[in-house]
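Before any comments, here is the structure.
The values are calculated or read from the model by the stated rules, or taken from the named source; none is laboratory data. Note that the coordinates shown come from a computational prediction; the quantities given were computed from them, not determined experimentally. Backbone-built Cβ (ideal geometry, glycine too); neighbour counts: all protein chains shown. Only protein heavy atoms, including side chains, enter the accessible area calculation; ligands, DNA and RNA are left aside. Shrake-Rupley method; radii C 1.70, N 1.55, O 1.52, S 1.80 Å.
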Amino acid sequence: MKPVFHCKLINNYFDDPCLLVRILHEKKALLFDLGDIHKIKPSDLYKITDVFVTHTHMDHFIGFDTLLRGVLRKDTPLNIYGPSSILPCIQGKLKGYTWNLIEDYPTEIHVFAYNGNHVSHSVFAAKNGFRKQTVSKSKSDGLLLKNPLFAVRAVRLDHGIPCLAYSLEEEFHINIDKALLIRKGLSVGAWLNDFKRILREHPGDENQTIRIGDKSYGVLELSDIARITRGQKISYATDIAISQNNLDRLSRLIKGSDIFFCEAYFLEEDLKRAVARSHLTAKTAGALAKKADVKKLELMHFSSKYRDFPDKVIHEAMREFCG
Ligand SMILES: [Zn+2]
Ligand SMILES: [Zn+2]
């Protein structure tokens with residue numbers, strides 16, 4: 001199965017955690033956390049449509065200006081999701097510049113702030129000098145984004161301040177039965193991407209047709225070449241206090257993830273410090289991933305005090321995760 005989400009941690013264990021997710025055959029990418037993003041290529045930066053910020057400590061938010069500069073003049077909106085603090089922080093960042101020459105830019109930043117119960121939606125448009133416009137406020141159980149291809153959920157956790165953890169889930173996965181396709185006298189080609197898109201966007205619609213070469217086919221009559229399986233699930237969590245409430249809520253969110261990206265900020269021998277700083281230890285991260293039946297654990301965000309021996313952090317987490 002060809003994965004739909006291609007995930008890449010931008011920085012090393014000791015620099016800001018930041019996950020770029022490219023989406024197969026789509027000209028868009030998602031970003032989890034907005035710390036130092038200088039290593040993202042400008043062409044990838046331009047593809048980013050949705051950014052999911054865990055909280056607005058500097059190491060998770062300092063990249064806002066870099067991103068804004070990279071997508072300024074783009075005619076599709078930039079959507080940014082985060083806890084309640086995201087709204088005043090973005091407003092503050094935008095107020096830090098002078099915007100008198102951008103009235104004809106199409107740029108719009110849509111901000112979705114989730115407080116655990118409600119999502120408030122605000123827009124900052126270049127044509128209005130990036131002044132805040134409030135759009136709506138609606139009740140939410142944490143489902144922040146849903147489209148025919150995937151959904152993103154958040155859960156609000158405690159890090160001394162509210163901090164969101166996220167899961168990204170493909171609705172379902174479509175595999176093509178190539179042997180059957182060939183038996184039907186068809187050949188593999190770019191039309192398969194359109195075919196998959198129609199199956200996702202118009203399920204069960206018998207009026208949908210697709211052109212293959214110079215012939216037109218009903219999508220439903222070809223649907224037996226599509227094998228539907230469970231979709232890919234990615235989750236991302238960092239800067240979390242070790243509390244039963246946090247661990248229970250996070251465990252439910254990340255359950256069964258194919259890949260779980262998680263901080264391992266402190267070693268268990270520094271548990272006191274971890275508690276004081278509201279961070280997980282490597283051991284807790286490993287145990288959490290195991291309990292939640294995660295398939296692969298990817299560690300990130302280590303304290304710089306372990307710079308000379310990152311393997312010790314990795315081993316501690318993996319001992320709990322793999323046994
Ligand atoms: Zn951090
Ligand atoms: Zn933090």
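Assuming R0 = 25 Å, what is the FRET efficiency of S223 and K2, from their Cβ-Cβ distance, to the nearest 0.05? Don't jump to the answer; show the numbers that get you there.
Details: r = 19 Å, r/R0 = 0.76.
Step by step, r from the Cβ atoms, then E = 0.85.
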(request) Would you give the gap between the C-alpha center of the range 43-68 and the C-alpha center of the range 87-118, rounded to a whole Å? (result) 13 Å
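Rank these residues by their accessible area, most exposed first, probe 1.4 Å: F309, F260.
Working: F309 85, F260 0 Å².
Result, largest first: F309, F260.
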(message) List the aspartates and glutamates whose Cα sits under 17 Å from the Cα of K178, skipping any in the same chain fewer than 8 residues away.
(response) D194, E221, D224
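Which order, highest average first, do 28-35, 196-203 follow once you tally other Cβ atoms within 10 Å for each residue and take the mean per peptide? Walk me through the intermediate numbers first.
Values: 28-35: 23.6, 196-203: 16.1.
Packing proxy ranking, top to bottom: 28-35, 196-203.
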(request) Give K28/K305; K39/K93; K47/K283; K95/K272; K39/K312 a once-over and call out the pairs whose C-alpha atoms are over 32 Å from each other. (result) K28/K305; K47/K283; K95/K272
(request) Give the residue from G116, I23, Y265 lying farthest towards the positive end of the charge dipole for the chain; charges sit on Cβ (+1 for Lys and Arg, -1 for Asp and Glu) and the dipole is referred to the Cα centre. (result) I23
(request) Describe numerically, in nm with one decimal, the distance between label points set 7 Å from Cα along Cα→Cβ at R230 and at N128. (result) 4.4 nm
(request) Hand me the trypsin sites (Lys or Arg not before Pro) from the range 207-242 located in a DSSP loop with no more than 15 other Cβ atoms within 10 Å, in residue order please. (result) R230
(request) May I ask you to derive the FRET efficiency for T76 and N245 from their Cβ-Cβ distance with R0 = 30 Å, giving the value to the nearest 0.05? (result) 0.20
(request) State the antiparallel share, in %, of DSSP beta bridges confined to the chain, rounding to the nearest 5. (result) 70 percent
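So, for the chain, what is the accessible surface per residue at a probe of 1.4 Å, expressed in square angstrom? Spell out each step's value before the answer.
Numbers: 15610 Å² over 323 residues.
About 48 Å² of surface per residue is accessible.
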(message) Test of the criteria: in the range 238-323, which trypsin sites (Lys or Arg not before Pro) are in a DSSP loop and have at most 15 other Cβ atoms within 10 angstrom of their Cβ?
(response) K255, K295, R307
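For the pairs K233/K296; K74/K146; K146/K196; K2/K27; K2/K296, note any where the Cα-Cα span goes beyond 19 Å. Kindly include the intermediate steps, with their values, before the conclusion.
Values: K233/K296 11 Å; K74/K146 22 Å; K146/K196 17 Å; K2/K27 17 Å; K2/K296 17 Å.
Those over the limit are K74/K146.
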(request) Treat each spin label as a single point 7 Å out from the Cα along the C-beta direction, and report the K295 to T98 distance in nm. (result) 5.4 nm
(request) Give me the percent of the accessible area of the chain that comes from carbon and sulfur atoms, probe 1.4 Å, all protein chains in place. (result) 50 percent
(request) Taking amide H positions as placed in the peptide plane 1.01 Å from N, state which residues far from H118 in sequence (5 or more) or on other chains have amide H under 5 Å from it. (result) S140
